[in-house]
Each structure stands twice: as structure tokens, then as C-alpha cells.
Ligand SMILES: [Zn+2]
């Protein structure tokens, strides 16, 4: 057997030739698959091969903005769910600190919406910078 021989379970069996160019086909697959995934919301972001607004920001703010957009961050509720030893799932405001809560925490003057995150408004930047350690 040579180094590049195909096995019986080759992953090439389920493939088909591309109909268009790679970029268009990849974008088409993202759109199709984003409809299959049970997500809460696409946060107003359209699948495409460009960075969402905010990539010009400093790295910590950009990272946090994307964590807020994807509901995947180190909020207290997630840390407990992931098995990290935490004292509490409470935010300093007294409510359960979920990713949703980070957008509506009363500590910050105004709530941050999905639209704010998608378009990178000043409110989105304010929230990202406040929750920079999330
Ligand atoms: Zn809070």
C-alpha cells in the first residue's frame, strides 16, 4: 500500500464536481447549511467571504464583538456549563449571566441589539469593551 492509496472509506465517494467557482460554491453551501443549523439567529449577518464590520478595531474588542455575535463567550453560565469551577452564575448586577444577558445587563446604560452587533454601532463597541474578558 502506498502512502496515498485510497481506503474503502474514502471521503471522495460523497463528493461531486463543483458547478461554479470555489468561492461561490462555498458561499452557497454556507447559506444552505446555515438554514439547517438550529441557531437562535444569524445576528443579521449574511454568510459571505468578508469579515463582518469591526475588523479594524483592536483585537480584544474585535474578539469580544464576535463572541457576542456568536453567543459563544466565557459568561458565568457558559463557564459552569463547560465544567469550569465557578462560584456563581450571577452577574455583578445580580441576574444570571448568560450571553443574552450581556447584551441587556442593566449595568450598561442601553441594551445592545443584534442589529447593533451586525453593523458594529457605538453601542456594540461599548458592550464589547465592557465585556472584554468574556
Ligand atoms: Zn448583569
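The values are calculated or read from the model by the stated rules, or taken from the named source; none is laboratory data. Note that this is a predicted model, so its numbers are computed, not measured. Cβ sites come from the backbone with ideal geometry, for glycine too, and all protein chains shown count toward neighbours.
In the range 115-133, the residue that is nearest to residue 51 (Cα to Cα) out of those that are within 15 Å of the ligand (Cβ to nearest atom) and without any contact (Cβ under 8 Å) to a residue 24 or more places away in the chain is 126.
Considering each of 105, 112, 75 in turn, give the residue that is buried (at least 17 other Cβ atoms within 10 Å of the Cβ), free of Cβ contacts under 8 Å to residues at least 24 places away in the same chain and either farther than 16 Å from residue 133 by Cβ or within 15 Å of the ligand (Cβ to nearest atom) (or both). Unique residue meeting the criteria: 105. Scanning the range 61-93 for residues that are within 16 Å of the chain's Cα centre (by Cα) and in a helix (DSSP H, G or I) yields 61, 62, 63, 64, 65, 66, 67, 68, 69, 70, 78. Every listed requirement among (1) within 15 Å of the ligand (Cβ to nearest atom); (2) at pLDDT 95 or above; (3) in a loop (DSSP other than H, G, I, E, B) is met by residue 57 save one, (1). In this structure, residue 94 does not satisfy being away from the ligand (no atom under 16 Å from the Cβ) and more than 30 Å from residue 26 (Cα to Cα).
Residues are listed down the side, and each one gets a yes or a no for (1) exposed (fewer than 12 other Cβ atoms within 10 Å of the Cβ); (2) away from the ligand (no atom under 16 Å from the Cβ); (3) modelled with pLDDT of 85 or more:
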position: 28; (1), (2), (3): no, yes, no
position: 40; (1), (2), (3): yes, yes, no
position: 51; (1), (2), (3): yes, yes, yes
position: 68; (1), (2), (3): no, no, yes
position: 86; (1), (2), (3): no, no, no
